[in-house]
Amino acid sequence: MEKSKQNEYLKSFYKIYPIFYGLSGDLLFYVAIDTLFYTVVKGFSPDQLALLTTVSSLFCILLKIPITKIIEKIGNTKSVRTGTFGLIITSIIITFSESYLMIMIARIICLISFVLKNMDNVMLKNNLAIQNKEKDYATITNRGSTVYAIITMVIAFVAGYLFNVNHYLPMYLCIAFCIISFIISLYLKDISTNNIDNLTEKNTKQKVKISKIVFIVLLFFGIFYGLIEVGQPNGKLLVQYELNRFYDISLTSTYFGIIISISRVARVIGNISFGKVYAKFKDKVSIIFCTLITMSFIFLGVGYFFNYNASIKFTIMAIGFCIILAIRDPFKIYIYDLSLRVSNEKERQSVTIYLEFARRIGATIVSLMATLILTKVTLIYVIVCLLVLAVIELVLAIKIYIVLKKEGVCV
(Lines give C-alpha, C1' and ligand atoms only; values in the text may rest on other atoms or scores of the structure.)
Protein backbone atom coordinates (compact mmCIF):
# COMPACT_ATOMS: atom_id res chain seq x y z
CA MET A 1 0.00 0.00 0.00
CA GLU A 2 1.33 3.42 -0.97
CA LYS A 3 2.33 5.72 1.89
CA SER A 4 -0.36 8.33 1.12
CA LYS A 5 -3.11 5.68 0.79
CA GLN A 6 -1.83 3.96 3.92
CA ASN A 7 -2.04 7.16 5.97
CA GLU A 8 -5.48 7.91 4.57
CA TYR A 9 -6.72 4.44 5.47
CA LEU A 10 -5.28 4.58 9.00
CA LYS A 11 -6.92 7.95 9.58
CA SER A 12 -10.25 6.38 8.64
CA PHE A 13 -9.47 3.26 10.71
CA TYR A 14 -8.92 5.31 13.88
CA LYS A 15 -12.33 6.95 13.42
CA ILE A 16 -14.25 3.74 12.71
CA TYR A 17 -12.55 1.55 15.32
CA PRO A 18 -14.14 3.12 18.46
CA ILE A 19 -17.61 2.69 16.93
CA PHE A 20 -16.88 -0.96 16.13
CA TYR A 21 -15.39 -1.52 19.59
CA GLY A 22 -18.46 -0.04 21.26
CA LEU A 23 -21.02 -1.94 19.18
CA SER A 24 -19.24 -5.30 19.36
CA GLY A 25 -18.24 -5.16 23.02
CA ASP A 26 -21.05 -7.53 23.93
CA LEU A 27 -24.34 -8.92 22.66
CA LEU A 28 -26.19 -5.63 23.04
CA PHE A 29 -29.75 -5.81 24.42
CA TYR A 30 -29.28 -9.53 25.15
CA VAL A 31 -27.04 -8.83 28.16
CA ALA A 32 -29.72 -6.58 29.65
CA ILE A 33 -32.48 -9.20 29.56
CA ASP A 34 -30.61 -12.52 29.34
CA THR A 35 -31.86 -14.06 32.60
CA LEU A 36 -35.40 -12.81 31.94
CA PHE A 37 -35.34 -14.20 28.41
CA TYR A 38 -34.05 -17.58 29.52
CA THR A 39 -36.46 -17.99 32.44
CA VAL A 40 -39.62 -16.39 31.00
CA VAL A 41 -39.35 -17.25 27.30
CA LYS A 42 -37.26 -20.44 27.31
CA GLY A 43 -38.45 -21.71 30.69
CA PHE A 44 -34.97 -22.54 32.01
CA SER A 45 -34.40 -23.05 35.73
CA PRO A 46 -31.70 -21.24 37.77
CA ASP A 47 -29.50 -24.37 37.87
CA GLN A 48 -29.77 -24.70 34.07
CA LEU A 49 -28.62 -21.07 33.73
CA ALA A 50 -25.64 -21.74 36.00
CA LEU A 51 -24.77 -24.83 33.96
CA LEU A 52 -24.86 -22.79 30.73
CA THR A 53 -22.18 -20.45 32.07
CA THR A 54 -19.98 -23.15 33.61
CA VAL A 55 -20.01 -25.59 30.67
CA SER A 56 -19.48 -22.91 28.00
CA SER A 57 -16.55 -21.44 29.95
CA LEU A 58 -14.92 -24.84 30.41
CA PHE A 59 -15.33 -25.69 26.72
CA CYS A 60 -13.76 -22.37 25.75
CA ILE A 61 -10.77 -23.06 28.01
CA LEU A 62 -10.34 -26.58 26.63
CA LEU A 63 -10.47 -25.29 23.04
CA LYS A 64 -7.60 -22.85 23.59
CA ILE A 65 -5.08 -24.68 21.39
CA PRO A 66 -7.30 -25.09 18.28
CA ILE A 67 -8.54 -21.50 18.64
CA THR A 68 -4.93 -20.29 18.81
CA LYS A 69 -4.06 -22.31 15.69
CA ILE A 70 -7.01 -20.81 13.81
CA ILE A 71 -5.98 -17.24 14.71
CA GLU A 72 -2.37 -17.88 13.71
CA LYS A 73 -3.55 -19.37 10.43
CA ILE A 74 -6.09 -16.74 9.31
CA GLY A 75 -4.55 -13.64 10.92
CA ASN A 76 -6.02 -10.72 12.84
CA THR A 77 -8.28 -9.27 10.14
CA LYS A 78 -10.09 -12.50 9.33
CA SER A 79 -10.23 -13.44 13.02
CA VAL A 80 -12.12 -10.24 13.83
CA ARG A 81 -14.53 -10.75 10.94
CA THR A 82 -15.07 -14.42 11.80
CA GLY A 83 -15.65 -13.51 15.44
CA THR A 84 -18.28 -10.87 14.66
CA PHE A 85 -20.02 -13.25 12.25
CA GLY A 86 -20.03 -15.86 15.03
CA LEU A 87 -21.90 -13.38 17.24
CA ILE A 88 -24.64 -13.17 14.58
CA ILE A 89 -24.95 -16.97 14.64
CA THR A 90 -25.02 -16.92 18.45
CA SER A 91 -27.81 -14.33 18.69
CA ILE A 92 -29.93 -16.10 16.06
CA ILE A 93 -29.68 -19.50 17.80
CA ILE A 94 -30.45 -18.04 21.23
CA THR A 95 -33.45 -16.16 19.83
CA PHE A 96 -35.13 -18.89 17.82
CA SER A 97 -33.97 -22.24 19.24
CA GLU A 98 -36.07 -24.00 21.88
CA SER A 99 -33.41 -26.64 22.52
CA TYR A 100 -31.30 -26.34 25.67
CA LEU A 101 -28.45 -28.18 23.92
CA MET A 102 -28.51 -25.77 20.98
CA ILE A 103 -28.42 -22.77 23.28
CA MET A 104 -25.50 -24.37 25.13
CA ILE A 105 -23.71 -24.68 21.78
CA ALA A 106 -24.59 -21.05 21.02
CA ARG A 107 -23.00 -19.95 24.30
CA ILE A 108 -19.83 -21.86 23.42
CA ILE A 109 -19.80 -20.25 19.95
CA CYS A 110 -20.25 -16.88 21.64
CA LEU A 111 -17.18 -17.25 23.87
CA ILE A 112 -15.04 -18.52 20.99
CA SER A 113 -16.27 -15.64 18.83
CA PHE A 114 -15.19 -13.09 21.42
CA VAL A 115 -11.70 -14.64 21.59
CA LEU A 116 -11.47 -14.22 17.80
CA LYS A 117 -12.98 -10.74 17.82
CA ASN A 118 -10.55 -9.60 20.51
CA MET A 119 -7.81 -9.66 17.89
CA ASP A 120 -9.12 -6.16 17.11
CA ASN A 121 -6.87 -5.04 19.99
CA VAL A 122 -3.83 -6.45 18.20
CA MET A 123 -5.06 -5.00 14.93
CA LEU A 124 -5.22 -1.53 16.48
CA LYS A 125 -1.82 -1.84 18.17
CA ASN A 126 -0.16 -3.07 14.96
CA ASN A 127 -1.68 -0.28 12.87
CA LEU A 128 -0.61 2.32 15.41
CA ALA A 129 2.93 0.89 15.36
CA ILE A 130 3.19 1.63 11.63
CA GLN A 131 2.99 5.35 12.43
CA ASN A 132 4.83 5.09 15.78
CA LYS A 133 1.60 6.01 17.60
CA GLU A 134 1.40 3.03 19.94
CA LYS A 135 0.92 5.35 22.92
CA ASP A 136 -2.49 6.29 21.45
CA TYR A 137 -3.80 2.76 22.01
CA ALA A 138 -5.40 3.48 25.39
CA THR A 139 -6.93 6.74 24.15
CA ILE A 140 -8.58 5.19 21.08
CA THR A 141 -9.71 2.08 22.95
CA ASN A 142 -11.16 4.22 25.72
CA ARG A 143 -13.25 6.08 23.14
CA GLY A 144 -14.69 2.74 22.05
CA SER A 145 -15.27 1.71 25.65
CA THR A 146 -17.10 4.99 26.28
CA VAL A 147 -19.30 4.35 23.23
CA TYR A 148 -20.09 0.93 24.66
CA ALA A 149 -20.85 2.31 28.13
CA ILE A 150 -23.20 4.98 26.77
CA ILE A 151 -25.05 2.50 24.54
CA THR A 152 -25.47 -0.04 27.35
CA MET A 153 -26.64 2.72 29.71
CA VAL A 154 -29.40 3.70 27.25
CA ILE A 155 -30.27 0.03 26.73
CA ALA A 156 -30.54 -0.49 30.50
CA PHE A 157 -33.24 2.20 30.60
CA VAL A 158 -35.32 0.80 27.71
CA ALA A 159 -34.67 -2.98 27.63
CA GLY A 160 -37.24 -3.81 30.31
CA TYR A 161 -39.93 -1.81 28.54
CA LEU A 162 -39.13 -3.40 25.17
CA PHE A 163 -39.23 -6.86 26.76
CA ASN A 164 -42.69 -6.15 28.16
CA VAL A 165 -43.93 -4.95 24.75
CA ASN A 166 -42.59 -8.10 23.05
CA HIS A 167 -40.37 -10.68 24.74
CA TYR A 168 -38.42 -11.19 21.49
CA LEU A 169 -37.96 -7.51 20.58
CA PRO A 170 -34.66 -7.02 22.49
CA MET A 171 -33.26 -10.14 20.81
CA TYR A 172 -34.28 -8.89 17.35
CA LEU A 173 -32.36 -5.70 18.11
CA CYS A 174 -29.44 -7.80 19.35
CA ILE A 175 -29.30 -9.60 16.00
CA ALA A 176 -29.48 -6.24 14.17
CA PHE A 177 -26.55 -4.80 16.14
CA CYS A 178 -24.50 -7.97 15.53
CA ILE A 179 -25.11 -7.60 11.78
CA ILE A 180 -24.08 -3.92 11.91
CA SER A 181 -20.89 -4.88 13.78
CA PHE A 182 -20.06 -7.48 11.15
CA ILE A 183 -20.56 -4.98 8.32
CA ILE A 184 -18.26 -2.48 10.06
CA SER A 185 -15.63 -5.22 10.57
CA LEU A 186 -15.38 -5.55 6.77
CA TYR A 187 -13.93 -2.02 6.68
CA LEU A 188 -11.27 -2.78 9.30
CA LYS A 189 -8.01 -4.54 8.57
CA ASP A 190 -4.55 -5.01 9.98
CA ILE A 191 -2.22 -3.57 7.34
CA SER A 192 0.97 -4.40 9.24
CA THR A 193 3.28 -7.27 8.29
CA ASN A 194 2.29 -8.95 11.56
CA ASN A 195 -1.32 -9.59 10.53
CA ILE A 196 -0.44 -13.27 10.16
CA ASP A 197 2.42 -14.49 12.32
CA ASN A 198 3.06 -17.81 10.58
CA LEU A 199 4.07 -16.52 7.16
CA THR A 200 6.99 -18.94 6.99
CA GLU A 201 7.52 -22.51 8.02
CA LYS A 202 10.10 -21.29 10.52
CA ASN A 203 7.60 -19.07 12.25
CA THR A 204 5.02 -21.86 12.55
CA LYS A 205 7.47 -23.89 14.61
CA GLN A 206 8.32 -21.06 16.98
CA LYS A 207 6.62 -21.03 20.34
CA VAL A 208 5.97 -17.78 22.10
CA LYS A 209 7.73 -17.72 25.44
CA ILE A 210 5.83 -15.88 28.14
CA SER A 211 8.11 -13.48 30.01
CA LYS A 212 7.98 -13.01 33.76
CA ILE A 213 6.22 -9.65 33.37
CA VAL A 214 3.57 -11.02 30.99
CA PHE A 215 2.95 -14.03 33.28
CA ILE A 216 2.40 -11.77 36.30
CA VAL A 217 0.10 -9.53 34.25
CA LEU A 218 -1.94 -12.56 33.10
CA LEU A 219 -2.27 -13.77 36.69
CA PHE A 220 -3.22 -10.26 37.81
CA PHE A 221 -5.82 -9.94 35.04
CA GLY A 222 -7.35 -13.36 35.71
CA ILE A 223 -7.86 -12.73 39.43
CA PHE A 224 -9.13 -9.18 38.93
CA TYR A 225 -11.66 -10.14 36.28
CA GLY A 226 -12.77 -13.05 38.44
CA LEU A 227 -13.50 -10.48 41.16
CA ILE A 228 -15.37 -8.28 38.68
CA GLU A 229 -17.42 -11.03 37.03
CA VAL A 230 -18.38 -12.66 40.32
CA GLY A 231 -18.54 -9.49 42.41
CA GLN A 232 -20.90 -7.64 40.06
CA PRO A 233 -23.79 -10.17 39.98
CA ASN A 234 -23.37 -11.19 43.62
CA GLY A 235 -23.11 -7.58 44.74
CA LYS A 236 -26.31 -6.87 42.83
CA LEU A 237 -28.02 -9.86 44.44
CA LEU A 238 -26.90 -8.75 47.91
CA VAL A 239 -28.43 -5.31 47.36
CA GLN A 240 -31.62 -6.90 46.02
CA TYR A 241 -31.97 -9.28 48.99
CA GLU A 242 -31.44 -6.47 51.47
CA LEU A 243 -34.02 -4.30 49.71
CA ASN A 244 -36.47 -7.21 49.93
CA ARG A 245 -35.80 -7.39 53.65
CA PHE A 246 -36.64 -3.71 54.18
CA TYR A 247 -39.34 -2.97 51.59
CA ASP A 248 -42.27 -4.57 49.78
CA ILE A 249 -41.99 -5.83 46.21
CA SER A 250 -43.10 -2.54 44.64
CA LEU A 251 -40.59 -0.34 46.47
CA THR A 252 -37.85 -2.94 46.10
CA SER A 253 -38.35 -2.94 42.33
CA THR A 254 -38.31 0.87 42.18
CA TYR A 255 -35.23 1.40 44.36
CA PHE A 256 -33.37 -1.47 42.73
CA GLY A 257 -34.06 0.01 39.28
CA ILE A 258 -32.70 3.36 40.45
CA ILE A 259 -29.49 1.77 41.77
CA ILE A 260 -28.96 -0.19 38.54
CA SER A 261 -29.51 2.97 36.46
CA ILE A 262 -27.05 4.95 38.60
CA SER A 263 -24.49 2.15 38.22
CA ARG A 264 -24.76 2.47 34.43
CA VAL A 265 -24.12 6.20 34.70
CA ALA A 266 -21.13 5.41 36.93
CA ARG A 267 -19.81 3.12 34.20
CA VAL A 268 -19.97 5.96 31.65
CA ILE A 269 -18.27 8.36 34.07
CA GLY A 270 -15.56 5.77 34.74
CA ASN A 271 -14.82 5.44 31.04
CA ILE A 272 -14.84 9.17 30.37
CA SER A 273 -12.54 9.97 33.30
CA PHE A 274 -10.08 7.11 32.70
CA GLY A 275 -8.12 8.95 30.03
CA LYS A 276 -7.20 11.80 32.38
CA VAL A 277 -6.50 9.44 35.30
CA TYR A 278 -4.22 7.24 33.17
CA ALA A 279 -2.39 10.24 31.76
CA LYS A 280 -1.66 11.47 35.27
CA PHE A 281 -0.87 8.28 37.17
CA LYS A 282 0.42 6.01 34.35
CA ASP A 283 1.16 2.48 35.60
CA LYS A 284 0.16 3.42 39.13
CA VAL A 285 -3.46 3.06 37.99
CA SER A 286 -3.17 -0.70 38.63
CA ILE A 287 -2.77 0.08 42.34
CA ILE A 288 -5.67 2.55 42.14
CA PHE A 289 -7.90 -0.07 40.50
CA CYS A 290 -7.11 -2.64 43.19
CA THR A 291 -7.70 -0.10 45.95
CA LEU A 292 -11.09 0.72 44.43
CA ILE A 293 -12.17 -2.92 44.01
CA THR A 294 -11.18 -3.52 47.65
CA MET A 295 -13.22 -0.50 48.72
CA SER A 296 -16.22 -1.71 46.72
CA PHE A 297 -16.44 -4.94 48.73
CA ILE A 298 -15.85 -3.03 51.97
CA PHE A 299 -18.77 -0.71 51.13
CA LEU A 300 -21.01 -3.68 50.27
CA GLY A 301 -20.09 -5.42 53.52
CA VAL A 302 -20.43 -2.34 55.73
CA GLY A 303 -23.76 -1.49 54.11
CA TYR A 304 -24.99 -5.03 54.70
CA PHE A 305 -24.27 -4.85 58.44
CA PHE A 306 -25.48 -1.25 58.84
CA ASN A 307 -29.16 -1.49 59.84
CA TYR A 308 -29.79 1.77 61.68
CA ASN A 309 -30.93 3.87 58.73
CA ALA A 310 -32.19 2.38 55.46
CA SER A 311 -31.24 5.40 53.32
CA ILE A 312 -27.65 5.39 54.57
CA LYS A 313 -27.48 1.59 54.35
CA PHE A 314 -28.44 1.41 50.67
CA THR A 315 -26.42 4.48 49.75
CA ILE A 316 -23.31 2.76 51.09
CA MET A 317 -24.14 -0.50 49.28
CA ALA A 318 -24.95 1.37 46.05
CA ILE A 319 -21.56 3.12 46.17
CA GLY A 320 -19.84 -0.25 46.48
CA PHE A 321 -21.77 -1.70 43.55
CA CYS A 322 -21.23 1.39 41.36
CA ILE A 323 -17.45 1.26 41.92
CA ILE A 324 -17.36 -2.21 40.34
CA LEU A 325 -19.13 -0.96 37.21
CA ALA A 326 -17.02 2.22 37.03
CA ILE A 327 -13.65 0.42 36.94
CA ARG A 328 -14.61 -2.62 34.83
CA ASP A 329 -13.90 -1.20 31.35
CA PRO A 330 -10.93 1.05 32.24
CA PHE A 331 -9.14 -1.85 33.92
CA LYS A 332 -9.48 -4.01 30.82
CA ILE A 333 -8.16 -1.21 28.61
CA TYR A 334 -5.17 -0.68 30.89
CA ILE A 335 -4.27 -4.38 31.04
CA TYR A 336 -4.50 -4.82 27.27
CA ASP A 337 -2.37 -1.70 26.78
CA LEU A 338 0.19 -2.93 29.33
CA SER A 339 0.31 -6.47 27.91
CA LEU A 340 0.75 -5.31 24.32
CA ARG A 341 3.35 -2.77 25.47
CA VAL A 342 5.56 -5.31 27.27
CA SER A 343 5.35 -7.88 24.44
CA ASN A 344 6.92 -7.62 21.01
CA GLU A 345 5.01 -7.55 17.73
CA LYS A 346 5.34 -11.30 17.14
CA GLU A 347 3.93 -12.10 20.58
CA ARG A 348 0.83 -9.91 20.42
CA GLN A 349 -1.58 -12.45 18.98
CA SER A 350 -0.60 -15.05 21.57
CA VAL A 351 -0.62 -12.60 24.48
CA THR A 352 -4.10 -11.36 23.53
CA ILE A 353 -5.36 -14.95 23.40
CA TYR A 354 -3.74 -15.67 26.78
CA LEU A 355 -5.46 -12.60 28.24
CA GLU A 356 -8.89 -13.82 27.19
CA PHE A 357 -8.25 -17.29 28.59
CA ALA A 358 -6.75 -15.87 31.80
CA ARG A 359 -9.95 -13.87 32.20
CA ARG A 360 -12.09 -16.95 31.56
CA ILE A 361 -10.07 -19.20 33.90
CA GLY A 362 -10.06 -16.56 36.64
CA ALA A 363 -13.82 -16.03 36.38
CA THR A 364 -14.48 -19.79 36.39
CA ILE A 365 -12.31 -20.46 39.46
CA VAL A 366 -13.73 -17.55 41.48
CA SER A 367 -17.26 -18.50 40.39
CA LEU A 368 -16.77 -22.09 41.53
CA MET A 369 -15.42 -20.80 44.84
CA ALA A 370 -18.52 -18.63 45.28
CA THR A 371 -20.79 -21.55 44.39
CA LEU A 372 -19.13 -23.79 46.99
CA ILE A 373 -19.43 -21.09 49.64
CA LEU A 374 -23.14 -20.61 48.90
CA THR A 375 -23.79 -24.32 49.48
CA LYS A 376 -22.76 -23.84 53.12
CA VAL A 377 -23.32 -20.20 54.12
CA THR A 378 -25.03 -16.97 53.00
CA LEU A 379 -24.11 -14.49 50.27
CA ILE A 380 -22.29 -12.04 52.55
CA TYR A 381 -19.53 -14.63 53.03
CA VAL A 382 -18.91 -14.60 49.28
CA ILE A 383 -18.38 -10.83 49.51
CA VAL A 384 -15.96 -11.34 52.41
CA CYS A 385 -13.95 -13.89 50.40
CA LEU A 386 -13.90 -11.53 47.43
CA LEU A 387 -12.57 -8.83 49.76
CA VAL A 388 -9.72 -11.13 50.83
CA LEU A 389 -8.87 -11.82 47.16
CA ALA A 390 -9.01 -8.08 46.44
CA VAL A 391 -6.42 -7.40 49.15
CA ILE A 392 -4.18 -10.11 47.64
CA GLU A 393 -4.69 -8.48 44.24
CA LEU A 394 -3.64 -5.12 45.69
CA VAL A 395 -0.37 -6.66 46.89
CA LEU A 396 0.13 -8.15 43.42
CA ALA A 397 -0.50 -4.74 41.82
CA ILE A 398 2.28 -3.22 43.92
CA LYS A 399 4.54 -6.13 42.89
CA ILE A 400 3.76 -5.51 39.20
CA TYR A 401 4.56 -1.82 39.51
CA ILE A 402 7.93 -2.61 41.15
CA VAL A 403 8.77 -5.15 38.41
CA LEU A 404 7.81 -2.69 35.66
CA LYS A 405 10.08 -0.03 37.18
CA LYS A 406 12.91 -2.52 37.57
CA GLU A 407 12.59 -3.67 33.95
CA GLY A 408 12.45 -0.08 32.71
CA VAL A 409 9.08 -0.45 30.96
CA CYS A 410 7.09 1.57 33.47
CA VAL A 411 5.35 4.69 32.15
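List of remarks:
- Enumeration of residues in segment 361-391 that are open to solvent by 30 Å² or more (accessible area, probe 1.4 Å), closer than 28 Å to VAL285 by Cα and within 21 Å of the chain's Cα centre (by Cα): ILE361, ILE365, SER367, MET369, LEU387, LEU389
- Yes/no for ILE71 being at pLDDT below 95 and either open to solvent by 70 Å² or more (accessible area, probe 1.4 Å) or out of contact with any Lys or Arg (no Cβ under 7 Å at 6 or more places or on another chain) (or both): yes
Residue by residue, here is whether (1) within 17 Å of the chain's Cα centre (by Cα); (2) at pLDDT 90 or above holds:
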| site | (1), (2) |
| --- | --- |
| ILE249 | no, no |
| ALA266 | yes, yes |
| LYS284 | no, yes |
| ILE293 | yes, yes |
| PHE297 | no, yes |
| THR315 | no, yes |
| ILE327 | yes, yes |
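- Residues that are open to solvent by 20 Å² or more (accessible area, probe 1.4 Å) and closer than 21 Å to PRO330 by Cβ, drawn from segment 7-31: TYR14, ILE19, TYR21, LEU23, GLY25, ASP26, VAL31
- Every test in (1) within 25 Å of ALA176 (Cβ to Cβ); (2) open to solvent by 50 Å² or more (accessible area, probe 1.4 Å) is passed by ASP34 save one, and that test is (2).
- If only residues of segment 39-66 that are over 19 Å from the mean Cα position of the chain (by Cα) and open to solvent by less than 50 Å² (accessible area, probe 1.4 Å) are counted, the one that is nearest to ALA358 (Cα to Cα) is LEU49.
- Some residue of segment 80-89 being among the hydroxyl-bearing types (Ser, Thr, Tyr), within 21 Å of PHE177 (Cβ to Cβ) and surrounded by fewer than 21 Cβ atoms within 10 Å (Cβ to Cβ): yes
A quick yes/no check of all residues on (1) farther than 27 Å from VAL302 by Cβ; (2) assigned to a helix (DSSP H, G or I):
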position	(1), (2)
TYR354	yes, yes
VAL366	no, yes
ALA370	no, yes
ILE373	no, yes
LYS376	no, no
VAL388	no, yes
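- Contact annotation: residue pairs with Cβ atoms under 6 Å, 6 or more positions apart or on different chains, pairing a residue in segment 20-48 that is over 21 Å from ARG143 (Cβ atoms) with a partner that is in a loop (DSSP other than H, G, I, E, B), are TYR38/PHE44; VAL41/HIS167.
- Cβ-Cβ distances below 6 Å connect the following pairs, each with a first residue in segment 257-286 that is more than 30 Å from LEU243 (Cα to Cα), a second residue that is of a type in the set (Val, Ile, Thr) and not in a helix (DSSP H, G or I), and a separation of six or more residues or different chains: LYS282/VAL411; ASP283/VAL411.
- Residue match in segment 227-246 (condition: among the polar types (S, T, N, Q), farther than 18 Å from ILE392 by Cβ and free of Cβ contacts under 8 Å to residues at least 12 places away in the same chain): yes
- Among the residues listed as SER343, SER263, the single one being touching a Leu at 6+ places or on another chain (Cβ under 8 Å), of a type in the set (Gly, Ala, Ser) and crowded, with 21+ Cβ neighbours inside 10 Å: SER263
- When the residues of segment 127-137 are filtered to those that are surrounded by fewer than 22 Cβ atoms within 10 Å (Cβ to Cβ) and in a helix (DSSP H, G or I), the one that is nearest to the chain's Cα centre (by Cα) is TYR137.
- Listed by first and then second residue, the pairs linking a residue in segment 205-218 that is modelled with pLDDT of 75 or more to a residue that is basic (Lys, Arg), with Cβ atoms under 8 Å apart and 6 or more places separating them unless they lie on different chains, are ILE216/LYS399.
The values are calculated or read from the model by the stated rules, or taken from the named source; none is laboratory data. Model, not experiment: these values are computed from the prediction. Heads up, the Cβs are rebuilt from the backbone with ideal geometry, glycines too, and the neighbour counts pull from every protein chain shown. Please note that ligands, DNA and RNA were not included when accessible areas were found on the heavy atoms of the full protein model with its side chains. Shrake-Rupley method; radii C 1.70, N 1.55, O 1.52, S 1.80 Å.
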